[in-house]
Amino acid sequence: MTVDSDSVRYILALESSCDETAAAVIDRDLNPRSNVVASQYELHRDYGGVVPEIASRAHVRRVLPVIDEALKEAGLELSDIGAVAVATQPGLVGSLLVGLTAAKTLALVLDVPLIAVNHIEAHIYACRMAARVDTFPCIGFVVSGGHTNIYDCTSPVDFELIGSTIDDAAGEAFDKVAQILDVGFPGGPAIQKIAESGDPKAIRFPRTFLKEDRLEFSFSGLKTSVLYTANGVPGSHVKPEPLTPQRVADIAASFQAAVVDVLVGKCKQALQQQNRSILCVGGGVAANSLLRHKLEQMARREGVQLFVAPMSLCTDNAAMAAIAWESLDRGHLANLDLDVTPGLVRHRKQKTKVRS
Ligand code: KG4
Ligand code: ZN
């Protein structure tokens with residue numbers, strides 16, 4: 001198929017990597033003409049985390065209505081769509097396959113190009129979209145429920161993973177601590193709210209690797225520390241302080257402060273190590289107001305330009321798949337044998353793959 005990318009006016013993008021079924025229509029100026037997200041959080045709430053089988057079944061039920069809604073909201077017909085983009089990695093395999101199957105079908109039926117999107121890179125690209133200026137080269141930081149990854153981004157199609165977590169992701173830690181404190185799911189927004197009335201200095205939780213010269217994260221020790229602070233150390237005769245509302249708020253605020261210190265500290269290290277002057281931050285945890293505030297302070301001190309994804313593009317959505325325009329313009333198209341890649345690829349320089 002020969003594609004005149006200049007003739008494409010709208011990309012329809014699909015996202016189903018975890019527990020959000022999303023579709024968006026994005027125009028060539030990177031404006032989302034629609035951005036529809038069907039969240040499944042009520043289906044997973046009772047389990048305190050995403051259940052893969054429940055997630056994929058819900059995607060199957062929701063993907064077509066979500067696409068219809070995205071087209072309706074954009075005031076467009078399927079025939080207006082010039083290319084279809086879909087998140088194919090990383091994520092839950094069953095979930096990713098639902099979006100991919102829908103995208104392939106549409107691309108085939110409409111006879112338009114199919115474009116594979118890396119979900120993590122799209123989180124970083126959300127900053128470029130909102131900024132309306134070029135944000136590359138930069139340090140890209142994705143801090144979400146599944147990932148805490150730092151990338152050296154030379155261009156919008158060249159991302160090198162230079163730091164990640166050796167155990168839990170930051171968002172996962174928020175979710176687990178929220179479970180320990182029994183304050184709700186998803187944990188991030190619940191912890192943030194409760195932390196407002198707590199003292200962030202009440203408990204000195206560990207800041208793993210913060211002082212070490214390595215771009216790695218670890219949140220499992222912090223999580224255990226919160227567990228022991230809340231419920232007591234197993235086998236110890238020392239009783240924990242009663243979990244009054246004030247104590248819960250203090251633990252939440254102290255936990256949040258520890259996570260944010262580490263996240264901001266590692267961004268600073270990455271900027272210095274790679275000698276970059278632009279930082280782009282995306283992903284669900286980037287919605288956290290303390291993190292946003294501390295990143296701004298650090299960026300000002302370091303003389304670095306900071307772009308944080310707007311709230312509407314922080315948590316999972318399909319509009320951030322606007323990165324597909326970069327692929328389309330470079331002729332990086334997928335074939336109909338495109339598959340999902342649930343795991344993380346450490347370094348990716350996109351290769352041109354022209355659809356036959
Ligand atoms: O990017 P996202 O929607 O999904 C993944 O790709 O993982 O991120 C979801 C994560 C959840 O762990 C949620 O608790 C966290 O983002 N989150 C927050 C906040 N809002 C969402 N964490 C801290 N503070 C928030 N305000
Ligand atoms: Zn995400």
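The values are calculated or read from the model by the stated rules, or taken from the named source; none is laboratory data. Just so we're clear, the structure is a prediction, and the values are computed from it rather than from any experiment. No Cβ is skipped: glycine too gets one built from the backbone with ideal geometry, and neighbour counts run over all protein chains shown. The protein model used for the area step is the full one, side chains on, heavy atoms only, and it has no ligands, DNA or RNA in it. Shrake-Rupley method; radii C 1.70, N 1.55, O 1.52, S 1.80 Å.
Restricting attention to helices (runs of 4 or more DSSP H) lying wholly within region 15-128, give those where 2 or more residues are touching a strand residue (DSSP E or B) at 6+ places or on another chain (Cβ under 7 Å) and closer than 23 Å to GLY284 by Cα.
Details: elements: 41-44, 52-74, 93-110.
Ranges flagged: 52-74, 93-110.
Examine region 211-230 for a residue that is of a type in the set (A, V, I, L, M, F, W, C), closer than 25 Å to ASN149 by Cα and modelled with pLDDT under 95, and state whether such a residue exists.
Taking every residue of region 211-230 in turn, none turns out to be of a type in the set (A, V, I, L, M, F, W, C), closer than 25 Å to ASN149 by Cα and modelled with pLDDT under 95.
Of all residues in region 147-204, which are among the hydroxyl-bearing types (Ser, Thr, Tyr) and either assigned to a helix (DSSP H, G or I) or surrounded by fewer than 17 Cβ atoms within 10 Å (Cβ to Cβ) (or both)?
Passing the criteria: THR154, SER155, SER197.
When you check LEU210 against the structure, is it under 13 Å from GLN256 (Cβ atoms) and more than 16 Å from ligand 2 (Cβ to nearest atom), yes or no? I'd like the intermediate steps shown before the answer.
Working: under 13 Å from GLN256 (Cβ atoms): no; more than 16 Å from ligand 2 (Cβ to nearest atom): yes.
So LEU210 fails the test.
Please verify whether GLY265 is farther than 30 Å from SER5 by Cα, of a type outside the set (Asp, Glu), modelled with pLDDT under 95 and open to solvent by less than 50 Å² (accessible area, probe 1.4 Å), treating the condition exactly as stated. Walk me through how you get there before you give the answer.
Details: farther than 30 Å from SER5 by Cα: yes; of a type outside the set (Asp, Glu): yes; modelled with pLDDT under 95: no; open to solvent by less than 50 Å² (accessible area, probe 1.4 Å): yes.
No, not satisfied.
In region 147-156, is there at least one residue being within 14 Å of ligand 1 (Cβ to nearest atom) and in contact with a Cys (Cβ under 8 Å, 6 or more places away or on another chain)?
Step one: list which residues in region 147-156 are within 14 Å of ligand 1 (Cβ to nearest atom), which gives 147-149.
Now narrow it down to the ones that are in contact with a Cys (Cβ under 8 Å, 6 or more places away or on another chain): none.
Scanning region 147-156, I find no residue that is within 14 Å of ligand 1 (Cβ to nearest atom) and in contact with a Cys (Cβ under 8 Å, 6 or more places away or on another chain), so the answer is no.
Given LEU108, LEU92, LEU114, which one is of a type in the set (A, V, I, L, M) and surrounded by fewer than 21 Cβ atoms within 10 Å (Cβ to Cβ)?
Details: LEU92 fails: surrounded by fewer than 21 Cβ atoms within 10 Å (Cβ to Cβ); LEU114 fails: surrounded by fewer than 21 Cβ atoms within 10 Å (Cβ to Cβ).
Step by step, each of LEU108, LEU92, LEU114 is checked, and only LEU108 is of a type in the set (A, V, I, L, M) and surrounded by fewer than 21 Cβ atoms within 10 Å (Cβ to Cβ).
Any idea how many residues of region 27-43 are over 18 Å from the mean Cα position of the chain (by Cα) and either farther than 17 Å from HIS59 by Cβ or not aliphatic (A, V, I, L, M) (or both)?
Within region 27-43, the subset over 18 Å from the mean Cα position of the chain (by Cα) is 27-31, 33-34, 42-43.
If we keep only those that are either farther than 17 Å from HIS59 by Cβ or not aliphatic (A, V, I, L, M) (or both) as well, we get 27-31, 33-34, 42.
Total satisfying the criteria: 8.
What tally of residues in region 276-327 results from selecting those that are away from ligand 2 (no atom under 16 Å from the Cβ), assigned to a helix (DSSP H, G or I), surrounded by fewer than 23 Cβ atoms within 10 Å (Cβ to Cβ) and not polar (S, T, N, Q)?
Result for region 276-327: 11.
So is VAL63 in contact (Cβ under 8 Å) with a residue 40 or more places away in the chain and surrounded by 18 or more Cβ atoms within 10 Å (Cβ to Cβ) or not?
On the way: in contact (Cβ under 8 Å) with a residue 40 or more places away in the chain: yes; surrounded by 18 or more Cβ atoms within 10 Å (Cβ to Cβ): yes.
For VAL63, the condition - in contact (Cβ under 8 Å) with a residue 40 or more places away in the chain and surrounded by 18 or more Cβ atoms within 10 Å (Cβ to Cβ) - is met.
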